[in-house]
Amino acid sequence: MRRGAVIVALLLAGCSGHQSPLNPSADQSGAIFDVWTAMMVVCGFMYLLVLTGLTWAIWRARRPMGLAPDAGHTAAEPLLERSLIGWTALVVVGLTVLITVSFLVDRRLAEAGPKPLNIKVTANQWWWAIEYQDPDPSQTIRTANELHLPMGRAAHVELHSNDVIHSFWIPNLAGKEDLIPGRVNQVVMTPRRTGVFRGQCAEFCGLQHAHMALDVTVDPPERFEAWRQAQLQPAPDPSSDLAEGQHLFLTKACVMCHAIAGTSAAAVAGPDLTHVASRKSIAAGALANSQTNLGRWITDPTAIKPGTTMPKVKLTGDEMAAITAYLASLK
Amino acid sequence: MSDEFLPVVAEGELHQRLSRTWATPRGLWGVLTTVDPKIIGRRYVITALVFFVLGGILAGLMRLQLARPESGLIGPDRYNQIFSMHGTTMMFLFGVPVMEAMGVYLVPLMIGARSMAFPRLNAFSYWMYLAGAVMIFVAFILNIGPEAGWFAYTPLSGPVYSAGKRTDVWAQMVTFTEVAGLAVAVNIVATFFKLRAPGMTLARVPLFVWSELVTAFMIIFAMPSVMLATGFLMSDRLVGTHFFNASEGGDNLLYQHLFWFFGHPEVYIIFLPALGMVSQIVATFCRRTVFGYPVMVLALVATGFLSFGLWVHHMFATGLPRMGASFYTAASMTIAVPSGLQIFCWIATMWDGKPRFATPLLYVIGFIVTFVLGGLTGVMVASVPLDLQVHDTYFVVAHFHYVLIGGAVFPLLGAIYYWFPKAMGRMPNERAGQIGFWLVFVGFQITFFPMHILGLLGMPRRVYTYPAHLGWDGLNLLSSLGAVMLVAGMATYFLNLLISARKGPLAGANPWDAGTLEWATTSPPPVYNFAYPPVVEGREPLWEAGDQGLAVMEGMKADTREVLLTSAAEAKPDIREGSAKPSVWPLLTALTTTGMFIATIFNEWGLVWGSIPVTLALVGWFWPRPDHSEIAKVVA
């Protein structure tokens, strides 16, 4: 049943399902998938009953009968009354089952277990700021629009917003939760399968709501640890041919909004770019990550994401080449 | 049959005197001053249908944009305005008004009354509705249409993130339609309780009239909440209050609570009258009074009550306490019980009756097939865990189009077809009606069923475009193609009515051989509805009276406007009361109120100075006129 539903849906879509609740890859999305299965069974059965009754009623109209209207009771009334009671009982039983399943699963979604990985996600119009928290400040990682998770360990995600309401949703891992200014929400995800997934903002948040995605990679613990160690490193001093790019970055408008650890760039209005070249995509999933696309994005951000807060910075062709070469080196 | 209850002697003269008394003046003056619920009701329905078509065109534009991934046809700013206008139009300018308008036209006729309790209030309601609707469409064309969705969540709709006047126009449009909605709602409540024909006890009221009563009460309790929400929002935007400003101690969830405390009953406000329409159609076309009348009435009332306990299921993802959220899961699922009861009763009526599969009954069958599926996906989204996955995805878009189009628009199309001969005096073309039905039904399924799967494949709502690699392309294209078929069906349906209104064969008083009172009078009904108040002795008066014709009550004046008031529960004749004549004051009051509302969009002092002309207009409206207040005890 479960696998069947997935296969049917994926066949219909002809795709891999890396942004789909039908392809659960964590405890939480798996539990929710069980609710879905229960719903399909109970609701499917009820729908079938209604259609059968309706078909029978339509079929029965073929019987010979008079045309005089019946304003009062008919002979079938007692039978119909008994059936009505039976039907109501069936509806109540079905709903009770579903309410119970739903309640039990809901209780499980909030349990993080011991030693979760603490991540703070802050939504902005239209990108995600991500911070891996640690009691030791030197172990804190800042990144953007990309989440790496170790398989088998619960991730406890704390949700903030800097501007309007957004919604954090990685369907393969867990249900969505809103990020609301003035409030802090949480969501727990315990991945059980490695893979690459995609999340997307699910609450209408303005002009670029459509382009506010999040790349998610679930790795075995040792690979996650390697990634974490790499992210902890500040950006290296650039080699001579990249130094011009870094100089331009630190003297043009870029430095007003972005941070690169290991340099004097430390602004937080835009995504942290310390390891920007290690990410799969740029501009919150709007473009695949490549030096060419970085150039396209910097040349005219509003052509890619109309309404974005990233300004158009005047650069000569050489300057652009130098900056994108430098950024592309920030692995 | 219908004409037989008129005593033959006086018929001609009585008709003339009553016609003179209840006439609407000719020409433009009559258009502006009429208080006849039939004229206002028809005008209201047609206006709402015009907005239905406009909302449909907006939907078509969205399907055009979404037919291909990364489509550049419509930019994000225009797209956001289009989907905001589509939702706003369908909910505020079509859904609620059309259902109330059907009540304005039909309730007096179905309860055997000459008019409604407050005829001028109907006129005021219509002008307010028209002004608000025209205002927002003009604003939309001038590129100041709403941009934050039909729900306008703060802070996206607040002063910082929605600068300019777009959201203010939207919020004020809500005020217009709520004033209009409340005016009709109180009118329907008073008409229901005081103007029913003698003998029409509560146990004999047609189910459509019951559904309009429950709807009216829901409007009265739900609409103040949204007026509070949009009022606070406007005040945040205009005078810098901080109701929804989190950094100054305001709360964005407060807006959501206020909005959905209205917003959820709102969908039932649209849906309940449709259930009443289904009951009338089922009874007439199955030639059998609806099985389980008390159950049906109680189910309507229960749905009305329960609908106020569900609003939080729109907010499951906002991080509310889990135990509290679970309560709303249970409450939301409970509403499946009254809905299930009604579905059973209609199918049982069809099973036990003698169904004739004419167009209205086809729409009812289409309604059952579609609405039950939408109801079941409603049970799914009521579950907190499952909702966390499908909330704000295309699954929900599919769900509510199944319940709102399948659950409300299908019955409405059936109902308009069913009562068309009564209102226009001519029969629609049955063949065209059936072709239209099949195009609408199949087109609807092709358009909206794929959206369930799209949602389960992770496609969020309200995106102006989507990338190609996520597997959403094919289903979106299919959905857009289905929309073409749906549009063809709607066009067939409306063309049929437009042509039949002029060229259809004459209908006669009771072409469907129905059992309720509106079919006792001529088609279209005379200005005074009934020459004598009919006396009701059962639920299907015309079927029970048979060939003898309806019993009637005499003693009403023919030379002044008079309605018969009866007791609230038993409908015993009580007093005769004067009824308002055509008046220009409702129009003047609506115009001055419109001036005040529009001025308030731009300056808070508009409320202060604008209230002066409104007050003057109201003084004119309520200036004592002796001929209205004449009350006479009925001498039995």
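Selection of the range B:499-540 for residues being touching a Lys or Arg at 6+ places or on another chain (Cβ under 7 Å), over 24 Å from B:VAL35 (Cα atoms) and of a type in the set (Gly, Ala, Ser) yields B:SER500, B:GLY504, B:ALA507, B:GLY538.
Residues that are of a type in the set (Ser, Thr, Tyr), over 21 Å from A:ALA174 (Cβ atoms) and in contact with a helix residue (DSSP H, G or I) (Cβ under 8 Å, 6 or more places away or on another chain) within the range A:82-121 comprise A:SER83, A:THR88, listed in sequence order.
Listed here are the residues, each with its yes/no results for (1) touching a Leu at 6+ places or on another chain (Cβ under 7 Å); (2) surrounded by fewer than 21 Cβ atoms within 10 Å (Cβ to Cβ).
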position	(1), (2)
B:LEU207	no, no
B:SER211	yes, no
B:PHE217	no, yes
B:ILE220	yes, yes
B:MET223	yes, no
B:GLY231	no, yes
B:MET234	no, no
B:PHE244	yes, no
B:SER247	no, yes
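A residue that is in contact with a strand residue (DSSP E or B) (Cβ under 8 Å, 6 or more places away or on another chain), part of a loop (DSSP other than H, G, I, E, B) and farther than 16 Å from A:GLU146 by Cβ can be found somewhere in the range A:267-286. The residue of the range B:456-488 that is nearest to the other protein chains (Cβ to nearest Cβ), among those that are within 23 Å of B:LEU156 (Cα to Cα) and within 27 Å of the chain's Cα centre (by Cα), is B:ARG462.
Residues in the range A:51-82 that are among the hydroxyl-bearing types (Ser, Thr, Tyr) and more than 7 Å from chain B (Cβ to nearest Cβ) were compared, and the one that is farthest from the chain's Cα centre (by Cα) is A:THR55. Scanning the range A:16-33 for residues that are facing chain B (nearest Cβ under 9 Å), in a helix (DSSP H, G or I) and touching a residue at least 40 places away in the same chain (Cβ under 8 Å) gives A:GLN28, A:SER29, A:ALA31, A:ILE32. Here the condition is being without any contact (Cβ under 8 Å) to a residue 60 or more places away in the chain and of a type in the set (A, V, I, L, M); of B:VAL364, B:VAL337, it holds for B:VAL337 alone.
Rundown of residues vs (1) farther than 20 Å from B:SER383 by Cβ; (2) touching a residue at least 24 places away in the same chain (Cβ under 8 Å); (3) out of contact with any Ser or Thr (no Cβ under 7 Å at 6 or more places or on another chain), yes/no style:
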{"position": "B:MET296", "(1), (2), (3)": "yes, yes, no"}
{"position": "B:TRP311", "(1), (2), (3)": "no, yes, yes"}
{"position": "B:THR318", "(1), (2), (3)": "no, yes, yes"}
{"position": "B:PRO321", "(1), (2), (3)": "no, no, yes"}
{"position": "B:THR329", "(1), (2), (3)": "no, yes, no"}
{"position": "B:SER332", "(1), (2), (3)": "no, yes, yes"}
{"position": "B:GLN342", "(1), (2), (3)": "yes, yes, yes"}
{"position": "B:CYS345", "(1), (2), (3)": "yes, yes, yes"}
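The residues listed here are B:LEU130, B:LEU121; of these, the one that is at pLDDT 95 or above and farther than 22 Å from B:TRP170 by Cα is B:LEU121. The set of residues in the range B:308-335 that are in a helix (DSSP H, G or I), small (Gly, Ala, Ser) and either over 25 Å from the mean Cα position of the chain (by Cα) or at pLDDT 95 or above (or both) comprises B:ALA317, B:GLY324, B:ALA325, B:SER326, B:ALA330. Among the residues making up the range A:58-101, a single one is aliphatic (A, V, I, L, M), buried (at least 19 other Cβ atoms within 10 Å of the Cβ) and either part of a loop (DSSP other than H, G, I, E, B) or touching a Lys or Arg at 6+ places or on another chain (Cβ under 6 Å) (or both): A:ALA71.
When each of B:PHE437, B:PHE448, B:PHE420 is tested for being aromatic (Phe, Trp, Tyr), touching a strand residue (DSSP E or B) at 6+ places or on another chain (Cβ under 9 Å) and away from chain A (no Cβ under 11 Å), the lone residue that passes is B:PHE420. Considering only residues in the range B:572-593 that are under 23 Å from B:VAL527 (Cα atoms) and out of contact with any strand residue (DSSP E or B) (no Cβ under 7 Å at 6 or more places or on another chain), the one that is surrounded by the fewest Cβ atoms within 10 Å (Cβ to Cβ) turns out to be B:VAL584. So in the range B:18-59, with the set limited to residues that are of a type in the set (A, V, I, L, M, F, W, C) and assigned to a loop (DSSP other than H, G, I, E, B), which one is surrounded by the fewest Cβ atoms within 10 Å (Cβ to Cβ)? So, considering only residues that are of a type in the set (A, V, I, L, M, F, W, C) and assigned to a loop (DSSP other than H, G, I, E, B), the one surrounded by the fewest Cβ atoms within 10 Å (Cβ to Cβ) is B:ALA23.
Taken together, the residues in the range B:121-137 that are in contact with a Pro (Cβ under 7 Å, 6 or more places away or on another chain) and surrounded by 24 or more Cβ atoms within 10 Å (Cβ to Cβ) amount to 4.
Set side by side, the residues B:GLY340, B:GLY309, B:GLY366 differ, and just one is more than 7 Å from every other protein chain (Cβ to nearest Cβ) and crowded, with 22+ Cβ neighbours inside 10 Å, which is B:GLY366. Within the option set A:ALA174, A:ALA213, being crowded, with 18+ Cβ neighbours inside 10 Å, touching a Gly at 6+ places or on another chain (Cβ under 9 Å) and small (Gly, Ala, Ser) holds for one residue only, A:ALA213.
For the range A:158-171, enumerate the residues that are crowded, with 24+ Cβ neighbours inside 10 Å and more than 7 Å from chain B (Cβ to nearest Cβ). Result: A:SER161, A:HIS166, A:PHE168, A:TRP169, A:ILE170. Selection of the range B:319-337 for residues being at the interface with chain A (Cβ under 7 Å from one of its Cβ atoms) and either of a type in the set (Gly, Ala, Ser) or over 19 Å from B:PHE308 (Cα atoms) (or both) yields B:GLY319, B:ARG322, B:SER326, B:ALA330, B:ALA336. Return a yes/no flag: does the range A:229-252 have any residue that is within 20 Å of A:LYS312 (Cβ to Cβ), part of a strand (DSSP E or B) and either of a type in the set (Val, Ile, Thr) or touching a strand residue (DSSP E or B) at 6+ places or on another chain (Cβ under 6 Å) (or both). Checked against the condition, which is being within 20 Å of A:LYS312 (Cβ to Cβ), part of a strand (DSSP E or B) and either of a type in the set (Val, Ile, Thr) or touching a strand residue (DSSP E or B) at 6+ places or on another chain (Cβ under 6 Å) (or both), the range A:229-252 yields no hits at all. Annotation note: of B:ALA551, B:ALA531, B:ALA545, B:ALA507, the sole residue that is small (Gly, Ala, Ser), over 27 Å from the mean Cα position of the chain (by Cα) and over 21 Å from B:ARG204 (Cβ atoms) is B:ALA531.
Evaluating B:PHE410 against the criteria (1) crowded, with 24+ Cβ neighbours inside 10 Å; (2) within 9 Å of another protein chain (Cβ to nearest Cβ) leaves one unmet condition, (2). If we scan the range A:215-231, do we find a residue that is modelled with pLDDT of 95 or more and within 14 Å of chain B (Cβ to nearest Cβ)? Checking the range A:215-231: at least one residue is modelled with pLDDT of 95 or more and within 14 Å of chain B (Cβ to nearest Cβ). Within the range B:87-109, the set of residues being more than 30 Å from B:MET200 (Cα to Cα) and touching a residue at least 60 places away in the same chain (Cβ under 8 Å) comprises B:GLY87, B:THR88, B:MET90, B:MET91, B:PHE92, B:LEU93.
Residues that are within 9 Å of chain B (Cβ to nearest Cβ), at positive phi and touching a residue at least 60 places away in the same chain (Cβ under 8 Å) do occur in the range A:198-206. No other residue among B:ALA203, B:ALA139 is more than 22 Å from B:PHE92 (Cα to Cα), in a helix (DSSP H, G or I) and over 16 Å from the mean Cα position of the chain (by Cα) apart from B:ALA203.
The values are calculated or read from the model by the stated rules, or taken from the named source; none is laboratory data. Predicted model, so just to flag it, every value in this text is computed and none were measured. For neighbour counting, all protein chains shown are included, and Cβ atoms are generated from backbone atoms with ideal geometry for every residue, glycine included.
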